[in-house]
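S.K.: Following this message is one structure expressed as structure tokens.
The values are calculated or read from the model by the stated rules, or taken from the named source; none is laboratory data. Computed from a prediction, not measured in an experiment: that's the story for all the values here. Cβ coordinates were reconstructed from backbone atoms using ideal geometry, including for glycine residues, and neighbour counts include every protein chain displayed.
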Amino acid sequence: MNQGRDEDQLQTEWYRVSSRLKAEIGETAFENWVKPISVTAIEGSEVRLSIPSRFMRDWVEANYLDRLKELWTGENSGIHSVQIRISPKSKRPADETEGDNSNSAAVENKTQTAATEAATNDGATAANKPGWLAGNDIKAPLDPRFLFSKFVVGKPNEFAYAAARRVAEAQSVPFNPLFLYGGVGLGKTHLMNSIAWEIQQRDPSRTVMYLSAEKFMYRFVRALREQNTVDFKDQFRSVDVLMIDDVQFIGGRDATQEEFFHTFNALVDQGRQIILSADKSPSDLEGVEERLKSRLNCGLVADIHATTYELRLAILESKAEQMQLEAPRTVLEFLAHKITSNVRELEGALNRVAAHTQLIGRDLTLETTQEVLHDLLRANDRRVTIEEIQKRVAEHFNIRVSDMHSARRARSVARPRQVAMYLAKQLTSRSLPEIGRKFGGRDHTTVMHAVKKVDELCDHDSTFAEDVELLRRMLEG
Ligand code: ADP
Ligand code: MG
């Protein structure tokens, strides 16, 4: 087809069609199935799309093709059919750039390249992209905020940081795997992302795949169901660097663990780098087989310790500077003293204070800080117990507290139970297995499922979301 205007029109139509489809099928399905598609041409009344694998093509054809056709005809009445071809090389230059309002120089370079390539890309010949842009339907997009340059180093994390840098800068594989572990909100994901950025920056031809263990599991289970594990295996075994975040979630899932073990061994044998993170050390991972634990222990294990006052203060100073926020030292010191749980909460607190003072147009002082954060400060003073959560939630939904422990599976009790598990995860520092035990000895995967379910429901049902939010406030306040 002609270049220029036609190409623009084609891309515009695709944009509209895919946006509509996204609204219908939701963000997750969109990310999984539609985003990897690229539009290549219009031939007569037919639109040609390409997708990276047969498996994906079959799925999209089975589930979305008819709707795609309808939507496209709605945009352009001259279109009567949509054809999807497999093109393993089809790249997704927009992948990392979308929604990426990065203000960092290092990432800007990349997004620039990506944007230029996207602009000059005629769609059909998207072949020779650098490896870090390689079209991949599984890996998660990297977070542009998470660079080494934005990671504040202190006693509790200096070892993990040094190990991460070493892996990111090495030409060969210095240790395999690198296993980073530490509590929630202490910077594991930040370091993982930094490594990925750095590797891609240094050598764009290396393919880096970063994803969460949950996604790995979910994909694997689905591939099993679809009887299509070959594509799944290929996708993992062809990367140079595999990074899996939060591997504690693999515990207890035997088939997934088995697959993970094989993937792991295959990659290590080929001299590919593996980087993992978890909330516990390999030896402490629950429900993980011994042979896997010992493999995980073979490389370098680096832990991130709880923050110290000095580190918290340094992080606050760095964040305030990045936000161009003029924060008096007393305020930062106060926050560093009071909010000791983790960096994520610390960051959240600073953001809240900043947003509030900007909105109201008041100076940032110790008084305003205390005022704005009174709920958070109180929550940090006094932690809720699981028993309190169960009692409150039971009252709210009008069920008996004993139903929190019972085996009854009717939705009228199962749903409140899930809400209580969700809140227990959010408001206490208990681990998933500990929470499971408090709910009649349930498995940690049940708790995990509950957390996910409630998250999903909150996304789709605003009344439900309000209920949960209300409960959360009551429990915190
Ligand atoms: P984890 O994956 O360990 O739960 P994250 O990496 O998501 O934690 O970190 C939570 C938040 O805290 C992120 O926004 C991250 O940028 C920030 N953070 C954590 N540690 C540091 C640090 N040392 N310097 C700067 N920011 C940090
Ligand atoms: Mg994380």
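S.K.: Before we move on, is Val39 in contact with a Ser or Thr (Cβ under 9 Å, 6 or more places away or on another chain), more than 26 Å from Gln235 (Cβ to Cβ) and not in a helix (DSSP H, G or I)?
M.R.: On the way: in contact with a Ser or Thr (Cβ under 9 Å, 6 or more places away or on another chain): yes; more than 26 Å from Gln235 (Cβ to Cβ): no; not in a helix (DSSP H, G or I): yes.
The answer is no for Val39.
S.K.: A further question follows. Just give me the residues in the range 157-182 being touching a strand residue (DSSP E or B) at 6+ places or on another chain (Cβ under 7 Å), assigned to a helix (DSSP H, G or I) and away from ligand 2 (no atom under 16 Å from the Cβ), in sequence order.
M.R.: Within the range 157-182, Phe159, Ala163, Val167 meet the criteria.
S.K.: Check Val301, Val353, Val288 and return the single one that is part of a strand (DSSP E or B) and either closer than 27 Å to Phe179 by Cα or hydrophobic (A, V, I, L, M, F, W, C) (or both).
M.R.: On the way: Val353 fails: part of a strand (DSSP E or B); Val288 fails: part of a strand (DSSP E or B).
Just one listed residue meets the conditions, Val301.
S.K.: Okay, next question. I'd like to know if the range 246-265 contains one or more residues that are closer than 20 Å to Phe151 by Cβ, buried (at least 22 other Cβ atoms within 10 Å of the Cβ), in contact with a strand residue (DSSP E or B) (Cβ under 7 Å, 6 or more places away or on another chain) and at pLDDT 90 or above. Please lay out each step first, then the result.
M.R.: Just the residues of the range 246-265 that are closer than 20 Å to Phe151 by Cβ, to begin with: 246.
Pick out the ones that are also buried (at least 22 other Cβ atoms within 10 Å of the Cβ) and you get none.
Among the residues of the range 246-265, not one is closer than 20 Å to Phe151 by Cβ, buried (at least 22 other Cβ atoms within 10 Å of the Cβ), in contact with a strand residue (DSSP E or B) (Cβ under 7 Å, 6 or more places away or on another chain) and at pLDDT 90 or above, which makes the answer no.
S.K.: Conditions: (1) under 27 Å from Gly271 (Cα atoms); (2) small (Gly, Ala, Ser); (3) within 15 Å of ligand 2 (Cβ to nearest atom); (4) not in a helix (DSSP H, G or I). Gly185 meets all but one. Number of the miss?
M.R.: Gly185 satisfies all of (1) under 27 Å from Gly271 (Cα atoms); (2) small (Gly, Ala, Ser); (3) within 15 Å of ligand 2 (Cβ to nearest atom); (4) not in a helix (DSSP H, G or I) except (1).
S.K.: Something else: Does any residue in the range 170-199 that is touching a residue at least 24 places away in the same chain (Cβ under 8 Å) and among the aromatic types (Phe, Trp, Tyr) come within less than 7 Å, Cβ to Cβ, of a residue that is assigned to a loop (DSSP other than H, G, I, E, B) and away from ligand 2 (no atom under 11 Å from the Cβ) six or more places away or on a different chain, and which pairs are these?
M.R.: Filtered contacts from the range 170-199: Phe175/Gly299; Phe179/Gly299; Tyr181/Lys280; Tyr181/Ser281; Trp197/Leu142; Trp197/Leu147.
S.K.: Okay, next question. Would you tally the residues in the range 390-405 being touching a helix residue (DSSP H, G or I) at 6+ places or on another chain (Cβ under 7 Å) and of a type outside the set (A, V, I, L, M)?
M.R.: Kept after step one, since they are touching a helix residue (DSSP H, G or I) at 6+ places or on another chain (Cβ under 7 Å), are these residues of the range 390-405: 390-394, 396-397, 399-401, 403-404.
Those left that are additionally of a type outside the set (A, V, I, L, M): 390-392, 396-397, 400, 403.
Residues in the range 390-405 being touching a helix residue (DSSP H, G or I) at 6+ places or on another chain (Cβ under 7 Å) and of a type outside the set (A, V, I, L, M): 7 in total.
S.K.: Given the criteria under 23 Å from Ser53 (Cβ atoms), within 16 Å of ligand 1 (Cβ to nearest atom) and acidic (Asp, Glu), does Glu214 qualify? Explain how you work it out, then say what you get.
M.R.: Details: under 23 Å from Ser53 (Cβ atoms): yes; within 16 Å of ligand 1 (Cβ to nearest atom): yes; acidic (Asp, Glu): yes.
Yes, satisfied.
S.K.: Applying the selection to the range 42-69, what residues are within 19 Å of Gln9 (Cα to Cα) and not in a strand (DSSP E or B)? Break it down into steps so the answer makes sense when it comes.
M.R.: Going through the range 42-69, the residues within 19 Å of Gln9 (Cα to Cα) turn out to be 42-50, 68-69.
Correct list: Gly44, Ser45, Leu68, Lys69.
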